[in-house]
Amino acid sequence: MKVTSLPDVERARARSVAVGTFDGVHLGHREVIAGADSVLTFEPHPVSVVAPQHTPKLLTTLARKAELIASLGVAELIVIPFDAEFARRCAQEFIDDVLVGALGARQVAVGENFRFGHRAQGDPALLSADTRFRTVVHPLLEIDGEVVSSSHIRGLLLAGEVAEADRLLGAPFQLQGLVAYGDERGRELGFPTANLVPDEALACPGHGVYACLASSPAAFARPLPAAVSIGVRPTFDTGRGELIEAYVLDFHGDLYDQPLRLDFLARLRGERRFDSADALVEQMHRDVQRTREIAARPERGVAGAA
């Protein structure tokens, strides 16, 4: 998939364009994108420019969004650098200059709640009234009586319900970053962990212990199961704030300063304080065993990985 910005877009062809922020590229977004050869999105999230105090925690970085959109068979991702100047454009300018002028849109697909232009004055009705292209308006997707939305998925993650979040996303929720140095408490307990520093701009599952798949191409060739703790380690007085600690099963090596990706599969338990280090170690052994079982399920595609 070709990734380009609006100023550099190829103008000599007609396009079927899906337009939206698409944070998370969840199942509802996928219905809007289906059949489009191009996707138009915005970076950063428009709310961070027009109402920064209401900026949501993002489900995906731009790189992850691009990866997910590419997996849907889209040929081109066009990224609009969203700033205060662009936010001042009226809705009709967006249609005339961007959709028609720059992209040559012959079909435009949006969700029914899509709004655009200065003060969000543009809506699907305005798009549908334009005869220069065909407009396809997708109703909001409902599953089990609940609208599939990025905000709903953020709430599921905060509650630790990663399996349900994964179902609505259509792919595992993912965190990634460079492995940082910690205080090596896990190593002392026999469970050396790779520590990730949470990105304040991104959504993160609530405190607890999770079964994940870990990927680090420079360190190991295929995804490995990982038991991941998110929280403040209440059994020990660390004073370090929130930590993301991944115990990668069957890996023996150094991950410091290496990129590590965690795909969340299921929540094992909540965070709790143990009376002793021995009691914690016993529970960690149970967590590791459950992680193996969950990661080896056939639907995970990694049976025998551990």
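What follows draws every value from the coordinates through simple rules; no lab data is involved. Just so we're clear, the structure is a prediction, and the values are computed from it rather than from any experiment. When we count neighbours, we look across all protein chains shown, and the Cβ atoms used for this are built from the backbone with ideal geometry, even at glycine.
Annotations
- Remark: the Ala221-Glu10 segment gains 72.2 nm on full extension, using 0.36 nm per residue and subtracting the alpha carbon distance.
- Size of region 2-146 from its Cα atoms: along the principal axes, largest to smallest, the extents are 37, 33, 29 Å.
- The length gained on full extension between Asp37 and Asp199, counted as 0.36 nm times the residue separation minus their Cα-Cα distance, comes to 55.1 nm.
- Calculated from backbone phi, Karplus (6.51, -1.76, 1.60) coupling profile of region 277-292 in Hz, x at Gly/Pro: 5, 5, 5, 5, 4, 4, 5, 5, 4, 5, 4, 5, 5, 5, 4, 4
- Sorted ascending by nearby beta carbons within 10 Å, beginning with the fewest, Lys57, Lys2, Lys65 become Lys2, Lys57, Lys65.
- For region 136-210: relative contact order, % (alpha-carbon pairs under 8 angstrom, 6 or more apart): 30 percent
- Percent RCO, i.e. relative contact order, over region 2-146, from Cα pairs under 8 Å lying at least 6 residues apart: 30 percent
- Neighbourhood charge, 10 Å Cβ-Cβ cut-off, centred on Ala194 and excluding it, Lys, Arg +1 and Asp, Glu -1: -2
- Long-range amide H partners of Leu141 with built H, under 5 Å: Val148
- Pairs of alpha carbons in the chain separated by more than 30 Å make up 40% of all such pairs.
- Tyr181-Val3 pseudo-label distance in nm [points 7 Å out on the Cα-to-Cβ vector]: 3.1 nm
- Rel. contact order, % - alpha carbon contacts under 8 angstrom, at least six apart, the chain: 16 percent
- The modelled label-to-label distance between Glu112 and Glu85, using points 7 Å beyond Cα along the C-beta direction, is 3.8 nm.
- Total formal charge among the other residues, if their Cβ is under 13 angstrom from that of Phe133, Lys/Arg +1 and Asp/Glu -1: +2
- Full-extension gain in nm, Ala63 to Arg297, via 0.36 nm per residue minus C-alpha separation: 81.4 nm
- For region 172-300, taking Cα atoms only, Rg and Dmax work out to 13.6, 40 Å respectively.
- Beta bridges by DSSP in the chain, antiparallel share as percent, to the nearest 5: 60 percent
- Label-point separation, Glu93 to Val147 (7 Å along Cα→Cβ), nm: 2.9 nm
- Computed from the C-beta positions of Arg272 and Ala159 and an R0 of 25 Å, the FRET efficiency is 0.95 to the nearest 0.05.
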